[in-house]
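Encoded as structure tokens, the structure appears first; notes follow it.
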Amino acid sequence: MASSLTTISDEARIALDTVTGRAAGLFRPSIRLGVTGLSRAGKTVFISSLVHNLIHGGRLPLFEAQKSGRISRAFLEEQPDDAVPRFQYEDHIAALVDQRIWPDSTRAISELRLTIEFESASGWNRMFSAGRLSVDIVDYPGEWLLDLPLLGKSFADFSSEAFELAALPVRADLASEWRALSTTAVADADADELTARRLAESFSAYLKACKRDERALSTLPPGRFLMPGDLDGSPALTFAPLPGMTGKRARPGSLHAMMERRYEAYKTHVVKPFFREHIARLDRQIVVIDAMQALNAGPAAMADLERAVTEILACFRPGRGNFLTDWFARRIDRILIAATKADHLHHESHDRLQAIVRRLADRAIAKASFTGTAVDVVAMAAVRATREGTVKQGTETLPVIIGTPLEGERIGDETFDGNTETAIFPGDLPKSADAVFEENAQDRADNPAIRFVRFRPPKLERTAEGVTLSLPHIRLDRALQFLIGDRLA
Ligand SMILES: Nc1nc2c(ncn2[C@@H]2O[C@H](COP(=O)(O)OP(=O)(O)OP(=O)(O)O)[C@@H](O)[C@H]2O)c(=O)[nH]1
Ligand SMILES: [Mg+2]
């Protein structure tokens, strides 16, 4: 089924794009770095801080090329793709640094070219390499990536999976209205635009409710139902799963036939072009996850996050007999799964957070039967909004984090005004990574919840000469070393 979906022209176009891309790369070495993650995971902040730290010579001791002083210059250049929106780096930095507010949600694809001039570490490489690497950073919603598996699924598969997931205890109440409406739909009845629209609207309201809910549920396809872009209201976005589809053939002119055709149109006009033009050309990938939010929401949200990471990894897995996914999966050779926002924890918990992400990734790798590509994990903060300190309580000295909570954030009865710096005891993560995945685990019961408030971006220090220093971070250098370090050797 899957391979028949791929036409010769898709193959030819990707092959040609890739060959010409690589030939160009011989003269101007470049690397395409995909940055993805579900909405609000921290993609925009990650890219902004990465670029800011490289341009401004930030403190990056674990990034070898920088540490050994081999980077002479890093600067922004015009991106190679004229039809892709530019990542608005300057706006995001102005928000973070000047106004100390978090950048706006971005909700679409964007791109930025960062060029690094460096001196190679080996004499051999110095002779043959230009000492110049362009990193094309592509920011795109994980919601759109999660559409890729649809390429291998029929309308019947898609429908039965959607109903299965909607019946899970974490989703059942959010899905009840849509499921009730679906039972009234007669698949074999004559196609009718109004019925199609009502079903599509109800289905998409359910998907949106999953995202909004404080249970912090991750996402279900189709991704454009959450972020329609310019396709809002088009037939390719006006369909919904139908119950009891397995093994049935659609009668021409029926609601079933209409829904099936639109589902296929969604794949042809939305999923494939996005994949061909953007995803198939990536060399490296970072998947940003909001583990803090999931930890806060409990084991069901952790399981859900694990499911999302499994699905995302499966998108990068070669050998599913689908030329499209095959071609691109072989090209990506490194994937980093990064839990950002570790600055909400005291550093003593950073390793525990990383162990939890490791655990989550290992389970996802096993479930997605993923092999061949190096996958690493990191617990980090792209922008460190807090400092650490200690507070004496009686005879005890407690480790705290200090920062400015966002206006309206609360702890107990206290509501913050957005200007007052506060010390917060963040709580510990459980010692065992397993505990956070299990309902009623004893270790978790001992550590009921991490106290999680959102902070404003930090005030940047200035040197004696008045120069603003780069954005503070936690382990951003480790992420950089894994993602591009080898290309600067
Ligand atoms: N403390 C802290 N908060 C962060 C960090 N990164 C992201 N955040 C928080 O997470 C929110 C979302 O970050 P973004 O980078 O905008 O997330 P995104 O993935 O680009 O989100 P969309 O554009 O909506 O898809 C921010 O507004 C911050 O509140 C970090 O390193 N430290
Ligand atoms: Mg963004």
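The values are calculated or read from the model by the stated rules, or taken from the named source; none is laboratory data. No experiment lies behind these values; they were computed from the predicted model shown. As a convention, Cβ positions derive from the backbone with ideal geometry for all residues, glycine included, and neighbour counts pool all protein chains shown. When the accessible area is computed, the model is the full protein with side chains, heavy atoms only, and any ligands, DNA or RNA have been set aside. Shrake-Rupley method; radii C 1.70, N 1.55, O 1.52, S 1.80 Å.
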Among the residues listed as Ala108, Ala94, Ala83, Ala121, the single one being under 15 Å from Val45 (Cβ atoms) and surrounded by fewer than 15 Cβ atoms within 10 Å (Cβ to Cβ): Ala94
What's the number of the only condition in (1) within 16 Å of ligand 2 (Cβ to nearest atom); (2) in contact with a helix residue (DSSP H, G or I) (Cβ under 6 Å, 6 or more places away or on another chain) that Phe118 fails to meet? (1)
Between a first residue in region 402-431 that is on the phi > 0 side of the Ramachandran plot and free of Cβ contacts under 8 Å to residues at least 40 places away in the same chain and a second residue that is part of a loop (DSSP other than H, G, I, E, B) and acidic (Asp, Glu), which pairs have beta carbons less than 9 Å apart while being 6 or more apart in sequence or on different chains? Gly408/Asp417; Gly418/Glu407; Gly418/Glu409
Odd one out for Asn53, checked against (1) at pLDDT 95 or above; (2) not in a helix (DSSP H, G or I): (2)
Checking the conditions here, which among Ser160, Ser202, Ser154 is open to solvent by 20 Å² or more (accessible area, probe 1.4 Å) and more than 21 Å from Gly247 (Cβ to Cβ)? Ser202
Counting only residues that are more than 16 Å from ligand 1 (Cβ to nearest atom), give me the helices (runs of 4 or more DSSP H) lying completely in region 90-198 with at least 2 of them. 123-128, 155-166, 169-184
Tell me which of these Ala329 doesn't satisfy, since it passes every other one: (1) of a type in the set (A, V, I, L, M); (2) under 25 Å from Arg487 (Cβ atoms); (3) at pLDDT 90 or above. (3)
Collect the residues in region 456-489 that are outside any loop (DSSP other than H, G, I, E, B) and polar (S, T, N, Q), keeping them in residue-number order. Thr468, Gln481
Scope region 447-489; condition in contact with a Pro (Cβ under 7 Å, 6 or more places away or on another chain), modelled with pLDDT under 80 and open to solvent by 20 Å² or more (accessible area, probe 1.4 Å); matching residues: Asn447, Arg451
Find all pairs meeting these conditions: Cβ atoms under 7 angstrom apart; at least six residues apart or on different chains; first residue within region 274-291 and within 23 Å of Pro222 (Cβ to Cβ); second residue of a type in the set (Gly, Ala, Ser) and open to solvent by 10 Å² or more (accessible area, probe 1.4 Å). Arg281/Gly21; Val288/Gly42; Asp290/Gly42
Restricting the first residue to region 90-111 and requiring it to be under 10 Å from Asp139 (Cβ atoms), which pairs with a second residue that is among the hydroxyl-bearing types (Ser, Thr, Tyr) and assigned to a helix (DSSP H, G or I) meet a Cβ separation below 9 Å and a spacing of at least six or different chains? Thr106/Thr44; Ser110/Thr44
Among Arg113, Arg171, Arg126, Arg132, which is the only one that is more than 16 Å from ligand 2 (Cβ to nearest atom) and at pLDDT 95 or above? Arg113
Flagged in region 199-231 as outside any helix (DSSP H, G or I), farther than 21 Å from Thr268 by Cβ and not acidic (Asp, Glu), in numbering order, are Arg215, Ala216, Leu217, Ser218, Thr219
Out of Ala167, Ala175, sole residue that is loosely packed, with under 13 Cβ neighbours inside 10 Å and hydrophobic (A, V, I, L, M, F, W, C): Ala167
Within region 271-289, work out how many residues are part of a helix (DSSP H, G or I) and either in contact with a Pro (Cβ under 6 Å, 6 or more places away or on another chain) or open to solvent by 10 Å² or more (accessible area, probe 1.4 Å) (or both). 6
Of all residues in region 63-89, how many are under 22 Å from Pro458 (Cα atoms) and more than 16 Å from ligand 1 (Cβ to nearest atom)? 0
Could you please find all residues in region 353-404 being open to solvent by 70 Å² or more (accessible area, probe 1.4 Å) and either within 16 Å of ligand 1 (Cβ to nearest atom) or assigned to a helix (DSSP H, G or I) (or both)? Arg358, Asp362, Arg363, Ala366, Lys367, Arg387
Give the residues of region 238-264 that are open to solvent by less than 30 Å² (accessible area, probe 1.4 Å) and either in a helix (DSSP H, G or I) or of a type in the set (D, E, K, R) (or both), sorted by residue number. Leu255, His256, Ala257, Met258, Met259, Arg262, Tyr263
Does region 335-346 hold any residues that are within 19 Å of Gly42 (Cβ to Cβ) and either part of a strand (DSSP E or B) or away from ligand 2 (no atom under 16 Å from the Cβ) (or both), and which are they? Ile335, Leu336, Ile337, Ala338, Ala339, Ala342, Asp343, His344, Leu345
Is at least one residue of region 100-109 away from ligand 2 (no atom under 16 Å from the Cβ) and under 26 Å from Thr36 (Cβ atoms)? no
